[in-house]
Structure formats: structure tokens, C-alpha cells
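The structure appears below as C-alpha cells.
Read the figures in this text as sums done on the coordinates, not as results from a lab. Every value quoted in this text rests on a predicted model; they were computed, and no experiment measured them. Virtual Cβ from ideal backbone geometry, glycine too; neighbours counted across all protein chains shown.
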Amino acid sequence: NLTREGALAYVKPHLKTSRYEHTVRVVNQAVELADRFEVDVYQAEIAAALHDYAKYKPLEEMKRWILTDRRLPKDLLDYHHELWHGPVGALMLEMEIGLNDAAVVSAITSHTTGKKHMSKLDKVVFLADYIEPGRDFPGVDDVRSLAETSLDEACALALKNTIVFLVEKGRTVYPDTFHAYNDFI
Ligand code: DGI
Ligand code: FE
Ligand code: FE
Ligand code: FE
């Protein structure tokens, strides 16, 4: 069965060194959060290890997946390609390594945008990606403080920060990000 080490070894050749190091930090952060908020630590470490698997896949390859796999929402193509690697990566991993834990697939799928009705595992992976110690965007320390005590309050602030950041940059916001945010308010 898939182990943390096995999952990390699987993604390593597909990532730049800095991205692999980020992934290891997300695993450690996710385990810490899972422990704190009573989420399955094994699912958290596997989802975290695999979450950015498709980060450097060619855009054309990801686009082909979105166009041909009916499980992927077509509207992804109307939004920034940065949003594609989560949902496409989760399906690639289903095909390539038989990843079949629906909860882990969901956490990988939603790690960038969030979504409506996030599970605690979805929240742990989303938050771990946002607050891992290598991150230094504005407001991240406030999210880290909230993450000491409240998974929901920390996720709500991370989503708020992301939405405000995107709006200030004049960029689009994927609807699932609003759906996730609204759920917490
Ligand atoms: O893959 P990572 O860099 O570890 O992190 P990520 O998967 O959370 O991707 C973060 C990027 O995605 C960041 O540049 C902000 C952007 N992003 C997140 N949510 C949205 C978004 N971009 C758009 N356009 N819309 C969103 O809803
Ligand atoms: Fe990512
Ligand atoms: Fe993220
Ligand atoms: Fe990441």
C-alpha cells in the first residue's frame, strides 16, 4: 500500500527541487493539523504528498484531460491555468497509481480553490498548503495563529486573503473559491 515515502518518491521526479521541498513541508504541516483537528493522519499525509503532482504538466496535456474527462468541470478552461493542476492531477493519479480513496482525491482536487462543503481532510490540505513554513504572503501569520485553535476560522481567513488578493490584482476568482468562503461565513 501507498506510504508517505512512496507517495513522495512518486512525485519527486515530476517536480522542481523547490516544489518538492514545499511538498515535504506541506506533508509535515498537514500531519500537524490532522493531529490537532482529529483528521486521519494517513489520508492527510498521502493527499499532501501528492497535491502538486501535476504542477508542471504541459498546459496542452491538462487541457486535453479537462476536455475529455467528464468528471472535470469544463469551466476550468475559462479560468487561470494555475487552477488546473489540482483536479487534473487527482485524476492522473487515479489512472497512474490507482489512487482510489475518494476523500484523498477530493482533497487534492480542491487544494487550490476550495469548494462547497469541504471535508475536514479537504480543509487540512488546503490550509497546510497555505501556511506551510515556507510561505510568506501578507497575512499568513494571522492564518497560522488561527490554525492553532480553529480549522474553520483559519480556512475562512485564507480564503478571504486569496479573494482579496485576486480582486486587487484584477484577476478572476473561480466560483468554488466563493462557495468555499461562503460556507465558512
Ligand atoms: O500550487 P501551489 O503554488 O502550492 O499553491 P496553490 O495550488 O494554492 O496555487 C496558488 C495560486 O493559485 C496562487 O497564485 C493564487 C491562485 N489561485 C487560487 N485560487 C484562485 C487562484 N487564481 C484564480 N484565478 N482564481 C482562484 O479562485
Ligand atoms: Fe497547488
Ligand atoms: Fe493553496
Ligand atoms: Fe502546493
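Here the condition is being on the phi > 0 side of the Ramachandran plot and within 16 Å of ligand 4 (Cβ to nearest atom); of 114, 89, 98, it holds for 114 alone.
Annotation: of all residues in the stretch 4-44 being away from ligand 2 (no atom under 16 Å from the Cβ) and under 17 Å from residue 102 (Cα atoms), the one that is nearest to the chain's Cα centre (by Cα) is 43. Residues of the stretch 146-162 that are in a loop (DSSP other than H, G, I, E, B) and either near ligand 1 (Cβ under 10 Å from one of its atoms) or out of contact with any Cys (no Cβ under 9 Å at 6 or more places or on another chain) (or both): 148, 149, 150. Within the stretch 134-156, the set of residues being away from ligand 4 (no atom under 13 Å from the Cβ) and either under 17 Å from residue 48 (Cα atoms) or surrounded by 22 or more Cβ atoms within 10 Å (Cβ to Cβ) (or both) comprises 143, 147, 151, 154, 155.
Check 124, 173 and return the single one that is free of Cβ contacts under 8 Å to residues at least 60 places away in the same chain and of a type outside the set (Asp, Glu).
Details: 124 fails: free of Cβ contacts under 8 Å to residues at least 60 places away in the same chain.
When all the criteria are applied, what remains is 173.
Identify the residue in the stretch 163-185 that is out of contact with any Leu (no Cβ under 8 Å at 6 or more places or on another chain) and not in a helix (DSSP H, G or I) and, among all such residues, is surrounded by the most Cβ atoms within 10 Å (Cβ to Cβ). Steps first, please.
The first filter runs over the stretch 163-185 and keeps only residues out of contact with any Leu (no Cβ under 8 Å at 6 or more places or on another chain), leaving 163-171, 175-176, 178-179, 182-183, 185.
From what's left, not in a helix (DSSP H, G or I): 169-171, 185.
Numbers: 169: 8, 170: 6, 171: 11, 185: 7.
Per the stated criteria, the residue is 171.
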